[in-house]
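We did not get these values from a lab; they are worked out from the coordinates using the rules stated. Keep in mind it's a predicted model, so treat the numbers as computed, not measured. Cβ: placed from backbone, ideal geometry, glycine included. Neighbour counts: every protein chain shown.
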Amino acid sequence: MMHVLANVVVKPSENFLTDVIIPFFTNFTLLFMVVSAFSVCCGYYDRVKNGAMRPNDFYKKRYRRLLPFFALMVIISLAKDHDYKALCESFANLTLCFNLLPNPSIETIGVGWFIGTVFTFYLLFPFFTFLLDNKKRGWFVLVVSLIFCLIAIDYFSGPEFVVKKIDRVNIIYSAPFFIAGGLIYLYRDSICKVVSRYSWTVLVICLLVTALRFIYRGASFGFVVFDLALFSVWLIYAVGTNTWALNNRFTKYISKISLEIYLCHMMAFRVVEKMHLENMIGNKDLLYVLTFLITLIGAIVFSHVVKFYLFPRTIDKWWK
């Protein structure tokens, strides 16, 4: 919704929804970091910590999960731009290591910055298991990561440094969110017991923290702390509860292609943009809603076809 809002030619009416709520959705990438760390820990934390999984197996699975669809988006983008800049950025994208650049400003698949940050987390995952070896160390590391994040924003962002602005693209900025996901994993059994017993209380806490997040008007680091608290309590509630709203056929289906939808939605929007709906629809609010819905449906259909029909007949066979 936020990318469509930022790119549509005719903007919808200015109100609380379009000025505050929808722009806030960009922070869902931070929620995705918390969820990613938790989910990867569910599959690999114990095996990596105990030496039951080889690095080769771990990284092959990570490349297998991220690279095929991302590479398809990169190839489509390169075919569209086909210039030297796009070629260099496409090569960096295909390594999945472009976040190791000192200033990874890559316009080819602009939303792909998230892949670079997450893959950097994967690169550091063995070190991550060391940092979260136990709960006590995990809390200490979380505090250290927040202090490091504050110093990065306050001191290491400036004209005298290579990186002029440190934000979520930088692993130091994003580290508290990954660490929070790991900590939630360490407490998963206790969380399930407490939340299942006091689900309504935890839900009220979630709503309260959400409201405070929208009321807060402080410095940039304050938003890091608030977003960290907000997305942590959201995940805690999701882990500990078994409500129909979070556990149904639709959410299970969308979760399987959520990353693909994220990567291809701007391509879908560019296709919708060529339809010039603004010449057919006079109501700017209706225009925005229809543009968003058609973009979302297009992204879902494309992701579904590629992941469940195209890749199983091509990439999956080749990978095996």
> Are any residues in region 236-256 closer than 22 Å to Tyr185 by Cα and β-branched (Val, Ile, Thr), and if so, which ones?
Replying inline: Ile236, Val239, Thr241, Thr243, Thr251
>> Take the conditions surrounded by fewer than 18 Cβ atoms within 10 Å (Cβ to Cβ), free of Cβ contacts under 8 Å to residues at least 24 places away in the same chain and of a type in the set (Gly, Ala, Ser) and apply them to Ala92. Does it pass?
In response: no
> Which of the residues that make up region 30-55 are in a loop (DSSP other than H, G, I, E, B) and of a type in the set (Lys, Arg)?
Replying inline: Arg54
> If you go through region 15-29 one residue at a time, do you hit one that is over 20 Å from Thr120 (Cα atoms) and not in a helix (DSSP H, G or I)?
Replying inline: yes
>> Could you check region 164-187 and list, in sequence order, the residues that are out of contact with any helix residue (DSSP H, G or I) (no Cβ under 6 Å at 6 or more places or on another chain) and over 20 Å from Leu150 (Cβ atoms)?
In response: Tyr187
